[in-house]
Every structure is written in C-alpha cells, then in structure tokens.
1. Taking the range 125-156 on its own, how many of its residues are under 17 Å from T399 (Cβ atoms), assigned to a helix (DSSP H, G or I) and more than 15 Å from the chain's Cα centre (by Cα)?
2. List every residue pair whose Cβ atoms sit under 8 Å apart, with the two residues 6 or more apart in sequence or on different chains, where the first one lies in the range 468-488 and is in contact (Cβ under 8 Å) with a residue 60 or more places away in the chain and the second, anywhere, is buried (at least 24 other Cβ atoms within 10 Å of the Cβ) and among the polar types (S, T, N, Q).
3. Can G99 be described as within 20 Å of the chain's Cα centre (by Cα) and open to solvent by less than 10 Å² (accessible area, probe 1.4 Å)?
4. Scan the range 202-241 residue by residue and report those that are within 24 Å of A64 (Cα to Cα) and small (G, A, S).
5. Six or more apart or on different chains, Cβ atoms under 6 Å: show the pairs whose first residue is in the range 110-126 and at pLDDT below 85 and whose second is surrounded by fewer than 24 Cβ atoms within 10 Å (Cβ to Cβ).
6. Give just the number: which of (1) at pLDDT 75 or above; (2) open to solvent by less than 20 Å² (accessible area, probe 1.4 Å) does F478 not satisfy?
7. Regarding the range 438-446, can at least one residue be identified that is modelled with pLDDT of 75 or more and surrounded by fewer than 20 Cβ atoms within 10 Å (Cβ to Cβ)?
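The values are calculated or read from the model by the stated rules, or taken from the named source; none is laboratory data. Just so we're clear, the structure is a prediction, and the values are computed from it rather than from any experiment. Ideal geometry is used to build each Cβ from the backbone, glycine not excepted, and the neighbour counts take in all protein chains shown. Calculation scope for accessible area: heavy atoms of the full protein, side chains included, ligands and nucleic acids excluded. Shrake-Rupley method; radii C 1.70, N 1.55, O 1.52, S 1.80 Å.
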Amino acid sequence: MAAVESGQALSRRDILLAFAGLLLGLLLVALDSVTVANALPAMIGELQGLSLLSWVIVANLLGATVGVPLFGKLSDMYGRRPLLVVAVVFFVAGSLVCGLAQSMETLIVGRAVQGVGGGGITAMAITIVGDMVPPRSRARYQGYLGAEYAVATIVGPFVGGFLTDTLSWRWVFLINLPLGLLALAVVALVLKLPPQRVRRVIDWPGIALLLSGLTCLLLMASWGGQQYPWTSGTVLGLGFAGVVLLAAFVAVERRAPEPIVPLVLFTGGVTRVALVLILLVGVVNFTAVSYLPTFLQIGLGVSATNSGVLLFPLMGGLIVTSIVSGHVISRTGRYRWWPIGGAVGITLGLFLLSRMDADTSPALAAVYMGVVGLGVGCMASLTVIVQNSVPRADLGSATASAGLFRALGGAAGVAVFGAVFTSRLQSSLTEYVPAGALPPGVDIGFLQRSPEALKALPPQVQEGIAKTYAHAITTTFFVAVAIGLACLVAAFLLRETPITDPADPTDTTDPSEDHPEKKETVE
C-alpha cells in the first residue's frame, strides 16, 4: 500500500494501472523529442524556412523549460490529475498546429505549445509517482521512467524516418492526436488521486522574467558564431540582457509569496548539489544524443538506419544501470556511490569518444557510447534524491525544479556545444576540403541536414568531409570531458541522507531537516 497526498492508500494494482497511464503520457513526449529531428529536412524543404530552423528547436526547449516549473507549482494548488490532463491537451493541441502548419512561423508556435505541454506531462508524471509510492520505491519507478526515455530514443528515429518517408513529415506530429486521446482516456479511467485545492498566488512576474532571460541566452548560444560573430552587438546584447533578466528573476523570487522556483530549495546542501548534477547530466545526455548520429553518418559513413542501431549500446547501458540502480536504492535506501560511479563512467566515456577519428570502427564507437550510457543511467535516481530532501508540501515544486534543471542542461548542451561543434567544423573544412571542391548549393549545413547527399560527391571530397566532421565532433567531446569532471566533483560533494519510508521504524530523519528555515509538519 502507498500513501498519497490526503493520506488515502492505493493498492498495488491501482499504482500499476496509474503508472501505466503515466508511461503512456511520457511516451508521447519522449518520442516527440527524437522523431522530429529526422523530419527537419523535409519540413525545411516544404515550408522554405531555413533561416528559422533554430527556432523549431529553441521554441520547444523554451516551452518545456517554462512548462515544467509552471505545472509543478499549479499542481500544488489545484491537484496533479487535472493539471496532467491540461498538459496532455496542450501537447496534443500543439501537435495539431504543427501538423497543419503552412508556414515556419506557425510551426514554431506549435512547437512552443508542444513544449509547454511536454514539460507539464514530465513534471506531473514524476511528481505523481512521488505522491503514490513510498520514498524508497520511487527510485525503482524512476528507473523505469528513465528506461522508457532510452527506449524511445532508440525507436524514435525509426518511427520518424518511416512516417516521413511513407506518409509525410506532418504525421510525425499528427500521430500524437490518437495517442494523446488514448492517454487522456487512460488518465481519466485509471488515475485515481484525491482532489486537492489550495489557494495560492501564481508568480507571473517570475515566469515572464525566467522565459525572457532564457530566451536571450539560448538565442545568444544559437546565433553566436553562426548567424552573427560572437563579438557582434546582437550576440553581446543578448547575453547581457539574459544575465540582467535572470538576476531580476532571482530578486523577484526572493520576495514572491509563491515563487515559481522556490529559492529555499537551494539552501539545502543535498538538494542544491543534486540539482547541479541533474543539470550537468542533462548537458551530457542531450549533447551525445544530438551529435553522435551525425558523426556516425558523415564521419564514419554508416547509413541512417545503422546509425540508429549503433546507438543501442548508449541507450542499452542507460536502461541497465537506471533499472539496476533503482532496484538497489529501493532495497537499501543508500545512493551515494551511484552518482560517483556514474560520473566516472561519463568522464571516461566522453574521453574515449574524444579519441575517435574517421578511421574508428563503428563497433568500437558503439563500445565507447555504451560506457557513457552506463554512466548516465547511474544518475537516474537524482530526482528521487531531490524529492527525499524536501517536505511533502514542496514535492511538486521540487520535482518541477529538477525537471527545469534537466531541461536547462539539455538546452545549454545543445546550444553551447553546438557552437563549439560548428566553430571547429568551419575551421577544419579549409584544412581537409580544397577550396571550391563543393558543388554550388552544397555546404556543410546542407550536408548536416541531408547526410545522404554526401554519397554524390567525389571520393576525395567525401574523405575530406568525413575527416572534418570527425575532427569537429571529437573536439566537442574533448571539451565535454570538463563537464564529466564537474559531475565527479559534484558527486563527491553529494551528502547521503538515507531514503526511508515513513512507516519504517528506523526512520528518524525529517525531510525538512535539509531546509531548517522551512521546517513544517508533514502529514
């Protein structure tokens, strides 16, 4: 039996049925995050919006970044189930807008709405698990959620490619309509949570400042070195504006009666370090998933299908260690050595990836990716560690903050390391490819969006471009080793507070002890 918010008990059958509904909702978000990439070239070709390509990604990231803390806070006010329904409706509505879009601007709006809904689904799913099951069991269920994301990352590219090739890129979005309706039906039928209404104030100024500041910084990272020089007034102005807006956000949050991101979470040592680790792991995970397929296709010359197969070890390693760590932590309540082992695996894996070149065998590259996957999977229970370190009244906000930091890590990884990758790509191109060797209309950006076009080029040019991509991606991973080392330092700083269930007679800890200034009675 497990306690929920009101103290009512759920049977194991109720929990499993509800968890199945949550998995279905998360499947929508997980698949969408990887299927869209395969359809981007077709979208650009039909809607003629190459200059707005970055906005298709940035708009979704911004929507998710805002949606996670917003839905987390609103669920503390109005209950989890109604907010999960609203999140699914947002996601389905955004998918419909994208699927029917006749312009890039409409597509970008739809992607933003999708991001808000996807962020809400993610926040609600993890928070509801925290409500339904005892603290120790959360690690096991969190491992299953991490495994689902990994499976979706493997299956997603095949689904996206199949829908784009056989039907249209629009079906990458329209397929979410029947799946979303099914998710709504499952949530309505099996997710039985007690109603909850608490009168609170929504922190609209904080939301506006957070969204504005993150937009400026993401655009700075996306445009810098590509559309504008890093020293241009546009890029420097965006960076300055982003820093000022986020500083204003922190000032507003300190005074807000109900802050969208409670700063009290950062006063607890365990919570603060765990959130930093979540952000760093988000950087590594999103960077690897974003740039490894391109390297495999262009740097090593494997097909799009085979590049998906070669990602199996990355996701397989993640699945294994996320499930194993969840089960072990659920049994023992101890977690300290899992983040440390994960940080070692991440650092070692990134270093091995940085040693690759155009002559590296695909099998060896797959082994290196497996090492990274094993490391990332060991970090799957970080959200549970955050939940364990706060009072139950802050569970929604704490879980949403964990999701926010994960989204921020992904956005930062894609943007910052994308800038590093693009910079090395341009500088290496002149070294490996003779001037004028590329046909008119074919440049590095075109090849990156359409790797199959590489086969039509002369063998000498193909070899030069392969070396160019290999050099750029390995440099990127070498820089990313610093992120792995930062993970290792943070993991050693993470203090262990054993996870115990409230009914456990050995439970002498108080979740609010990590936040003494917000100590309160938790029913």
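1. The total comes to 15.
2. Between residues of the range 468-488 that are in contact (Cβ under 8 Å) with a residue 60 or more places away in the chain and residues that are buried (at least 24 other Cβ atoms within 10 Å of the Cβ) and among the polar types (S, T, N, Q), the close pairs are T476/T287; A480/T287.
3. Details: within 20 Å of the chain's Cα centre (by Cα): no; open to solvent by less than 10 Å² (accessible area, probe 1.4 Å): yes.
In short, no.
4. If the condition is that a residue be within 24 Å of A64 (Cα to Cα) and small (G, A, S), then G206, A208, S212, G213, A221, S222, G224, G239, A241 are the ones that fit.
5. Close Cβ pairs (under 6 Å, with a partner that is surrounded by fewer than 24 Cβ atoms within 10 Å (Cβ to Cβ)) amount to A125/L26.
6. The one condition F478 does not meet is (2).
7. Initial filter on the range 438-446 (modelled with pLDDT of 75 or more): none.
Taking every residue of the range 438-446 in turn, none turns out to be modelled with pLDDT of 75 or more and surrounded by fewer than 20 Cβ atoms within 10 Å (Cβ to Cβ).
So that you can scan it fast, the table gives a plain yes or no per residue for (1) open to solvent by 20 Å² or more (accessible area, probe 1.4 Å); (2) under 30 Å from F71 (Cα atoms); (3) of a type in the set (G, A, S):
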| position | (1), (2), (3) |
| --- | --- |
| V367 | yes, no, no |
| G373 | no, yes, yes |
| L382 | no, yes, no |
| G403 | no, yes, yes |
| G409 | no, yes, yes |
